[in-house]
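K.L.:
Got a structure for you, questions after.
The values are calculated or read from the model by the stated rules, or taken from the named source; none is laboratory data. Nothing here was measured: the structure is a model prediction, and the numbers come from that model. So basically every Cβ, Gly included, is an ideal-geometry build from the backbone, and we count neighbours across all protein chains shown.
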Amino acid sequence: MEALRTLIEHYNYVVTILLMVTGLYIMVARSNMVKKLVGLAIFQTSVYLLYLEPAKIVGGTAPILDPDYTVYSNPLPHVLILTAIVVGVATLALGLAIVVRINEAFGTVEEDQIFGPDRDR
Amino acid sequence: MSSVWPHLPILQVVIPLMGAILAAFTRRGATAYAIALAASLALPFVAGAMLWQVLSSGPISYAIGGWEPPFGIEYRVDLLNGFVLLLVSTVGAVIMPFAYRSVGLEIDSGRQAWFYSVYLLCLAGLLGVTITGDAFNAFVFLEISSLATYVLIALGHDRRALLAAYQYLIMGTVGATFYVIGVGFLYLLTGTLNFVDIAARLGDAPPDRINAILAALAFVSAGVSLKLALFPLHAWLPNAYAYAPSMVTAFLAATATKVAVYLLIRLFFSVFGQAVDFAALPVGEIMLLLSIAAMFVASIIAVFETNLKRMFAYSSVAQIGYITLGIGLANQAGLTGSIVHLFNHAIVKAALFAALGCVFFRLGSVSLADISGLGRRMPVTLTAFTVAGLGLIGTPGTVGFISKWYLAVGALDNGSWLLVFLIVASSLIAIVYVGRVVEVAWFRPANSPAVAEAADPPLSMLLPLILLALATIYFGFDTRLTAGVASMAAEMLIGGLR
Amino acid sequence: MTLPLSPESLLVLAVLVPFLGAAALPIFHYIPNLREAVTLVTAGMLLLVVIAIATPVMDGIRPEASGFEIVPGIAFALQAEPLGLLFALVASSLWIVTSVYSIGYMRANAEPRQTSYYVCFAIALGSTMGVALAKNLFTLFLFYELLTISTYPLVTHKRSEEAMRAGRIYLGLLLGTSMVLFLPAIIATFVIGGTLDFTPGGIFAGKADATVLAVLLGLYVFGIGKAALMPLHFWLPAAMVAPTPVSALLHAVAVVKAGVFSIVKIVVYVFGVETLVQAGQSGWLTAVAGATVIAASVIALKQDNLKRRLAYSTVSQLSYVILGVAILTPLSVLGAAMHIAAHAWCKITLFFAAGSLYTSAHLTEVSQLDGIGRRMPWTMGAFTIGALGMIGLPPTAGFIGKWFILSGALQSANWLAVVVIIVSTGLNAGYFLPIVFRAFFRPPGGGASEAGAESDMPREAPWPIVAALSMTAAGAIALFFFPDVPLALSKLMIGAEAWTTTGL
């Protein structure tokens, strides 16, 4: 009972973890290279959520100094995640570029078609 | 000079970064090469000056933009990362003369400018990871270097290089993301991202927080272990090294994994060392187990490989096992062995892959069957290769012996004779695969026209190779720089342990 | 006699000269006569340097020279002491003789790759000097490994499938034992004893108990694969595929001698005879060494290939040295040191004779040797002298070593050792005397038909070969009548040892 209540109270973390695991599963279970990248993107997005959720302090307001307020939300994780998003975008772009070249070189982006007949030696 | 001196830490990263941008604007490969050469040659002096300063007056702390830590990002140079900075910059500098002809052959001329630009980005990233004192900044630089690495590998001439780059991209990004998750936990626990500050605030770990701390430790270890190719997270390495351009393999083998090891050591000893009682956790045992698995399994796979670059890639996985063995031992001698092996293995592997690059330059192949009798045709190359091979085995009089010595003494200090025998037994396997290559190259007759026409490569490629081979012997005798600094660094790190 | 060079620089020179020679040789690759001259000059210079160091050492001085400290507490260093100098004298004197022999052999058989042969030979001798003159275990280990590596191209000189296979066994066994057994022993010595320097009286005095000493001794004795203690001996018969001068010098003098020399040096200067006696280590080592002596002799009886018979004889004789050390009395240790010298001169004579038989008559098997003594009297005469030396009869040098070992065994009532020595002497006679008998007292026929018809009868070998084997045979006898130098050096080595050990 206690466990269920904790889960429901922290529903945001449940969603985060579900996204994380979904992303990882897609990477492992799908052989299409573009889909793997999708999984990677989902995985990275869940990590952004992981950082951002605790940034909202309970009862905190926007982080702009004002004499009326004493509790502010934490802006630092947002800054960090902006950086991480940029890195993520770059990774995705690079990954897709490599996939395009793989398609040109091998004629397919399905891993089991590439590794099946042509044993990687 | 005095206006430059306090800014050396930022110069270490800015020089290659600016170089990369400049090179990106050029069209001609030769101009880009000149920029890369200039940047690479300047860096060892910067790193050397910083290490000298650390040795004489203690750690350097540099606040980026004047923002004091822990609010701003801090670059902090102490014995450990000063040593690694010197290593990475020196390897980058030594490999540049080699690159001119090697890259000229293996990359098409339209892409060479981009190649050098991305190479400088990679160098900047690696140096940044090493020098930074901020956990998230380390992630950023780690990804800079990794993304650059994916590009460099994908530029290999064989189409399987693309697959290798893709596989490395997937695994590497997962690793980096795990690291970020771990850093997230650390931030939530302490409210800061600065290594020194985290260590101070984690302090003696209040018992209600221990789960979060352990979770953070687990995630960062897993993430960084992927980057350093700890068995069994090494699957990306053999293909990446085998299909990348020769100069890239030589450079990466000597630097990328070493920087990841540095990060692991930093996290284990400096950040978590006080908070977590490592003696109570199985971390040491797990490291030892995985290291021994790496040492044996990877070496045995290497024996059966016929592609020489892949053979020595597996050999790298095994050698990284030695380094993590020293970390697992976590005593003075063991950790000294780890840190000194960072340096020693880097020299040896750079030499080996440079030699293979020379072979590829002349023969167009790095298959064992194709190098039969090559010793007589390319004597300088193959002699340097043999010397580096002896260094890999750990013959006394070479650097490999020094590392093995410290690791074995570390194992004995922990009372484990078994580990000593395992360490030397795995060197035996190295004798088998190195011996095979030496036998085929020197003691068999030449059987192909390509070999009959081969000759030693041009001096620009030979000189770095000879230098690295000589270093393999020199640092096997004069260990004041390598083992001397390593043992001081180890002492400092162990002192921070609970 | 005042020397222009200090003993310290002579020490460095002793190790450096062969390497310098090796570096100079390739220059004369296209002028074979000059090339051979370089080898001979280098060997001659080395002998002079070693003799020059011998004088101060016999007077009690121990010159040393140090280089880098590779690990705090362990330096790359050389030191001249009596046992090392004995070994250095043996090796350097025999190098000249073997070079003369090599020239004759290589030219008569038109062997390929002669320059790399002489270069590897020089490097091997340089490494041998390094082993002999090492001040600590690290330096010894370094040159020991260099010796293995530099002799590999010599063993595989013929480059045939058989030679490459033998080379793999050679390299694999020697590098394997040294890395897996010898190296851990060295590391453990450093951790327990605190130093790797050779110290009179040993490093372990009071620091380790009997079990640890036993384990370490075992690791050393089996880890030093060059001493060919059974069951790690089979690299030696395999290496017989090499050209005979290689077999002669390296496997009868330098390589195997480096092995037993290292064992004697480690027993005397790392463990200390006193320490080992107190820890009761004599028993098992005597048994193992004794077993090797007998087993190798028995196997030798069954060998028809002459070089293989000689190889097993070497295995057996090496274990005499180990036996002498295992008995752990001053007399027997002295005998062990003497036997290093004696066996060297006698065995090299035998190998030279075998090579001579191959070169001029293409004979390799014992069964082919009927009546050859009449055709090649010098060769077989020298062979006889060498054989007598192996059996241990006066007036050959082999008698002296055996005599002292036997005395030491009797003194400490080590009956196992006494029995082993007596039985093996008989066995030695059993596999050497028949050869002598066949050669001189049987009519030619049998395998000699290979050498051609009556008109094409084998003659004596070329003069460099005959000169060399005459010199070594003469040396084997001279050593019996004038044993002063080796005897003095051996006495100096054990001089510091207390003469009041048990059994005296």
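K.L.:
Just one of (1) under 22 Å from the mean Cα position of the chain (by Cα); (2) in a loop (DSSP other than H, G, I, E, B) trips up B:Val46, so point out which.
P.N.:
Single failed check for B:Val46: (2).
K.L.:
Okay, moving on. Going by the structure shown, is C:Met390 part of a helix (DSSP H, G or I), more than 22 Å from the chain's Cα centre (by Cα) and touching a residue at least 12 places away in the same chain (Cβ under 8 Å)?
P.N.:
Against the criterion (part of a helix (DSSP H, G or I), more than 22 Å from the chain's Cα centre (by Cα) and touching a residue at least 12 places away in the same chain (Cβ under 8 Å)), C:Met390 does not qualify.
K.L.:
Give the residue that is nearest to the other protein chains (Cβ to nearest Cβ), with candidates limited to residues of the range C:113-146 that are closer than 21 Å to C:Val191 by Cα and in contact with a strand residue (DSSP E or B) (Cβ under 6 Å, 6 or more places away or on another chain).
P.N.:
Ranking the qualifying residues of the range C:113-146, first place goes to C:Phe138.
K.L.:
Sticking with this structure for a sec: For the list (1) out of contact with any Cys (no Cβ under 8 Å at 6 or more places or on another chain); (2) farther than 21 Å from B:Ser315 by Cβ, I need the number of the one condition that B:Glu439 fails.
P.N.:
Failed condition: (2).
K.L.:
Go through (1) part of a helix (DSSP H, G or I); (2) more than 13 Å from chain A (Cβ to nearest Cβ); (3) surrounded by 19 or more Cβ atoms within 10 Å (Cβ to Cβ) one by one and return the number of the condition B:Gly172 breaks.
P.N.:
(2)
K.L.:
Would you call B:Val359 under 30 Å from B:Phe268 (Cα atoms) and crowded, with 24+ Cβ neighbours inside 10 Å?
P.N.:
no
K.L.:
Something else about it: Please specify each residue of the range B:303-324 satisfying the condition of being more than 16 Å from the chain's Cα centre (by Cα) and either surrounded by 24 or more Cβ atoms within 10 Å (Cβ to Cβ) or not hydrophobic (A, V, I, L, M, F, W, C) (or both).
P.N.:
Step one: list which residues in the range B:303-324 are more than 16 Å from the chain's Cα centre (by Cα), which gives B:303-311.
Selection gives B:Glu305, B:Thr306, B:Asn307, B:Leu308, B:Lys309, B:Arg310, B:Met311.
K.L.:
In addition: Any residue at all in the range B:234-254 that is buried (at least 24 other Cβ atoms within 10 Å of the Cβ), of a type outside the set (A, V, I, L, M) and closer than 30 Å to B:Thr192 by Cβ?
P.N.:
No, there is no match, as no residue in the range B:234-254 is buried (at least 24 other Cβ atoms within 10 Å of the Cβ), of a type outside the set (A, V, I, L, M) and closer than 30 Å to B:Thr192 by Cβ.
K.L.:
So, one more: Among the residues of the range C:1-19, which ones are farther than 22 Å from C:Leu489 by Cα and surrounded by 14 or more Cβ atoms within 10 Å (Cβ to Cβ)? If you could, list the steps in order and put the result at the bottom.
P.N.:
We begin by selecting, within the range C:1-19, every residue farther than 22 Å from C:Leu489 by Cα; these are C:4-5, C:16-19.
Scanning the range C:1-19 gives C:Leu16, C:Val17, C:Pro18, C:Phe19.
K.L.:
Could you please tell me which pairs satisfy a Cβ distance under 9 Å, a separation of 6+ or placement on different chains, a first residue in the range B:473-497 that is among the polar types (S, T, N, Q), and a second residue that is crowded, with 16+ Cβ neighbours inside 10 Å and not in a helix (DSSP H, G or I)?
P.N.:
B:Thr479/C:Glu69; B:Thr479/C:Ile70; B:Thr479/C:Val71
K.L.:
B:Ile371: under 19 Å from B:Glu305 (Cα atoms) and without any contact (Cβ under 8 Å) to a residue 60 or more places away in the chain, yes or no?
P.N.:
no
K.L.:
Inspect the range B:407-419 for any residue being away from chain C (no Cβ under 13 Å) and not in a helix (DSSP H, G or I) and give the result as yes or no.
P.N.:
No, the conditions are met nowhere in the range B:407-419.
K.L.:
Also: I'd like to know if the range B:37-58 contains one or more residues that are within 23 Å of B:Asp108 (Cα to Cα), in contact (Cβ under 8 Å) with a residue 24 or more places away in the chain and of a type in the set (A, V, I, L, M).
P.N.:
Scanning the range B:37-58, I find at least one residue that is within 23 Å of B:Asp108 (Cα to Cα), in contact (Cβ under 8 Å) with a residue 24 or more places away in the chain and of a type in the set (A, V, I, L, M), so the answer is yes.
K.L.:
Might you check whether a residue that is aromatic (Phe, Trp, Tyr), farther than 20 Å from B:Ile181 by Cα and in contact with a Pro (Cβ under 9 Å, 6 or more places away or on another chain) occurs anywhere in the range A:44-66? Break it down into steps so the answer makes sense when it comes.
P.N.:
Quick first cut of the range A:44-66, residues aromatic (Phe, Trp, Tyr) only: A:48, A:51.
Checking the rest, the ones that are also farther than 20 Å from B:Ile181 by Cα come to none.
Within the range A:44-66 (the criterion being aromatic (Phe, Trp, Tyr), farther than 20 Å from B:Ile181 by Cα and in contact with a Pro (Cβ under 9 Å, 6 or more places away or on another chain)), the answer is no, since none of the residues qualifies.
K.L.:
Suppose we filter B:Gly203, B:Gly182 for residues that are on the phi > 0 side of the Ramachandran plot and either buried (at least 22 other Cβ atoms within 10 Å of the Cβ) or away from every other protein chain (no Cβ under 11 Å) (or both); which single one remains?
P.N.:
B:Gly203 is the lone residue from the list that is on the phi > 0 side of the Ramachandran plot and either buried (at least 22 other Cβ atoms within 10 Å of the Cβ) or away from every other protein chain (no Cβ under 11 Å) (or both).
K.L.:
List pairs: first residue in the range B:194-215 and without any contact (Cβ under 8 Å) to a residue 60 or more places away in the chain and more than 22 Å from B:Ile131 (Cα to Cα), second residue aromatic (Phe, Trp, Tyr) and in a helix (DSSP H, G or I) anywhere in the structure, Cβ distance under 6 angstrom, at least six positions apart or on different chains.
P.N.:
Short answer, once both residue conditions are applied: B:Ala212/B:Phe185; B:Ala215/B:Phe185.
K.L.:
Another one. Please enumerate the residues belonging to the range B:12-28 that are in a helix (DSSP H, G or I) and crowded, with 17+ Cβ neighbours inside 10 Å. Give the steps one after another, and end with the answer.
P.N.:
Applying the first criterion (in a helix (DSSP H, G or I)) to the range B:12-28 yields B:12-25.
Matches in the range B:12-28: B:Gln12, B:Val13, B:Ile15, B:Pro16, B:Leu17, B:Gly19, B:Ala20, B:Leu22, B:Ala23.
K.L.:
Select the helices (runs of 4 or more DSSP H) contained entirely in the range C:87-197, then report the ones holding at least 1 residues which are at pLDDT 90 or above, in contact with a Ser or Thr (Cβ under 8 Å, 6 or more places away or on another chain) and under 23 Å from B:Val420 (Cα atoms).
P.N.:
Hits in the range C:87-197: C:137-155, C:161-177.
K.L.:
Among the residues of the range B:49-66, how many are part of a helix (DSSP H, G or I) and within 24 Å of the chain's Cα centre (by Cα)?
P.N.:
Qualifying residue count, the range B:49-66: 7.
K.L.:
Exactly one condition in (1) in contact (Cβ under 8 Å) with a residue 40 or more places away in the chain; (2) surrounded by fewer than 17 Cβ atoms within 10 Å (Cβ to Cβ); (3) not in a helix (DSSP H, G or I) is false for B:Pro457; which is it?
P.N.:
Here B:Pro457 clears every test but (2).
K.L.:
So, one more: Given the options B:Gly373, B:Gly394, B:Gly364, B:Gly389, name the one that is surrounded by fewer than 22 Cβ atoms within 10 Å (Cβ to Cβ) and within 14 Å of chain C (Cβ to nearest Cβ).
P.N.:
Sole residue among the options that is surrounded by fewer than 22 Cβ atoms within 10 Å (Cβ to Cβ) and within 14 Å of chain C (Cβ to nearest Cβ): B:Gly373.
K.L.:
Filter the helices (runs of 4 or more DSSP H) completely within the range C:273-337 down to those with at least 2 residues that are small (Gly, Ala, Ser).
P.N.:
Working: elements: C:273-278, C:282-301, C:306-327.
Passing ranges, in order: C:282-301, C:306-327.
K.L.:
Only residues that are within 9 Å of another protein chain (Cβ to nearest Cβ) and part of a helix (DSSP H, G or I): list them for the range B:145-163, please.
P.N.:
Correct list: B:Ser146, B:Leu147, B:Tyr150, B:Val151, B:Ala154, B:Arg160, B:Leu162, B:Leu163.
K.L.:
Keeping to the range C:363-387, report how many residues are among the aliphatic types (A, V, I, L, M) and over 20 Å from the mean Cα position of the chain (by Cα). Working first, answer last.
P.N.:
Applying the first criterion (among the aliphatic types (A, V, I, L, M)) to the range C:363-387 yields C:363, C:366, C:369, C:372, C:376, C:380, C:382, C:385, C:387.
So of that shortlist, the ones also over 20 Å from the mean Cα position of the chain (by Cα) come out as C:363, C:366, C:369, C:372, C:376, C:380.
Matching residues across the range C:363-387 total 6.
K.L.:
Can you list residue pairs whose Cβ atoms sit under 8 Å apart, with the first residue in the range C:170-181 being over 13 Å from B:Ile393 (Cβ atoms) and the second being modelled with pLDDT under 90 and surrounded by fewer than 23 Cβ atoms within 10 Å (Cβ to Cβ)? Count only pairs 6 or more apart in sequence or on different chains.
P.N.:
Qualifying pairs under 8 Å: C:Tyr170/C:Ala238; C:Leu173/C:Leu232; C:Leu173/C:Phe234; C:Thr177/C:Leu232.
K.L.:
Given the conditions (1) under 21 Å from B:Arg436 (Cβ atoms); (2) out of contact with any strand residue (DSSP E or B) (no Cβ under 9 Å at 6 or more places or on another chain); (3) not basic (Lys, Arg), and given that B:Val366 satisfies all but one, which numbered condition is not satisfied?
P.N.:
(2)
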